[in-house]
Every structure is written in C-alpha cells, then in structure tokens.
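The values are calculated or read from the model by the stated rules, or taken from the named source; none is laboratory data. Every value quoted in this text rests on a predicted model; they were computed, and no experiment measured them. Glycine also receives a Cβ, built like all others from the backbone with ideal geometry; neighbour counts cover every protein chain displayed.
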Amino acid sequence: MGMRTDKILYGFQEIKRAFPDAEISNSYRVLLIPRFPLPSQFNKPYTSLLIKINSDYQAPDAYVDRELRVYGQKSNHLSEALTEDYMLERGWVKLCIQVSWSPSFSLVDYMLMLMQYFKELRE
C-alpha cells in the first residue's frame, strides 16, 4: 500500500508553490521537478529531481542527473551501483540519503530533508 493519495496531492500542491514546473504522474507515484536548484559545490546550478513515492512506512527514493559532480568529483552519495539499470540508462542516479522516516511525514518533509542534504554534501 502506497502513501495515501490525498496526502500526496496535498504535498504536491505545496511543492508546486515553490517549484511551479513540478509534475506528478497519474499514479501519484513519481514526482518530477525539472529545475531543482543546487548549492555552489555542484557542477551545475540545477538538476532534474525525480522522486519515487513509496509506502507511508518507507522513505521515497530520489534521483538526480547522472552527470552531477561535487567539487568536480563523482560523489559516493550519488551511487550508480545502487541505481537500477533502467534509471541509469535514462540519465538518472540514485541519491544515497538515509532518513529517519515516519509514516506521519509528507512529501514536503522529504523535500526539506533533501534540501538540507544537498546543502551539506561535501564529497
């Protein structure tokens, strides 16, 4: 059972205020933000950000542009080894982020965690 649709829609509407170009799939399982701003340690000012929404009890999965580098280097936190082949082929890489997830969290909570993670990523 996935995250409740009403909870996802509410979170999506909040996210769309900050990212007007955000899109969500018809199944409410994939959220795409085409231009997600990045801090200065990255090799690009923006990345596409794809979020796969899992159950209420499991944190979402986040994917970013496979070409992203941190201070000019490939990051172990953007792991091709942990990324599904079909996602790699489409130019995505999985973000290795550990979060203490709670069923009470929303997509907005996850976005805030991602923003903090990007800000603090150094390698």
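Quick notes on this one:
- Residue in segment 64-78 that is in contact with a Lys or Arg (Cβ under 8 Å, 6 or more places away or on another chain) and on the phi > 0 side of the Ramachandran plot present: yes
- Within the set Ser75, Ser106, Ser79, Ser55, the sole residue that is among the polar types (S, T, N, Q), modelled with pLDDT under 90 and touching a helix residue (DSSP H, G or I) at 6+ places or on another chain (Cβ under 7 Å) turns out to be Ser106.
- The residue of segment 31-60 that is farthest from the chain's Cα centre (by Cα), among those that are of a type in the set (A, V, I, L, M) and not in a strand (DSSP E or B), is Leu38.
- Which listed residue is part of a helix (DSSP H, G or I), modelled with pLDDT of 90 or more and under 22 Å from Gln13 (Cβ atoms), from Met115, Met87: Met115
Residue-wise test of (1) more than 18 Å from Glu120 (Cβ to Cβ); (2) among the hydroxyl-bearing types (Ser, Thr, Tyr).
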{"residue": "Glu23", "(1), (2)": "yes, no"}
{"residue": "Pro34", "(1), (2)": "yes, no"}
{"residue": "Leu38", "(1), (2)": "no, no"}
{"residue": "Ser48", "(1), (2)": "yes, yes"}
{"residue": "Tyr57", "(1), (2)": "yes, yes"}
{"residue": "Ala62", "(1), (2)": "no, no"}
{"residue": "Asp65", "(1), (2)": "yes, no"}
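- Residue among Tyr63, Tyr110, Tyr57 that alone is touching a Phe, Trp or Tyr at 6+ places or on another chain (Cβ under 8 Å), of a type in the set (Phe, Trp, Tyr) and buried (at least 18 other Cβ atoms within 10 Å of the Cβ): Tyr63
- Meets criteria (aliphatic (A, V, I, L, M) and touching a strand residue (DSSP E or B) at 6+ places or on another chain (Cβ under 6 Å)) for Leu107: no
- Being in contact (Cβ under 8 Å) with a residue 40 or more places away in the chain and of a type in the set (Gly, Ala, Ser) holds for only one residue in Ser79, Ser104, Ser27, Ser75, and it is Ser75.
- For segment 13-24, the count of residues that are surrounded by 14 or more Cβ atoms within 10 Å (Cβ to Cβ), in contact (Cβ under 8 Å) with a residue 60 or more places away in the chain, part of a loop (DSSP other than H, G, I, E, B) and in contact with a helix residue (DSSP H, G or I) (Cβ under 9 Å, 6 or more places away or on another chain) is zero.
- Any chance Gln98 is closer than 21 Å to Glu14 by Cα, within 15 Å of the chain's Cα centre (by Cα) and modelled with pLDDT under 95: no
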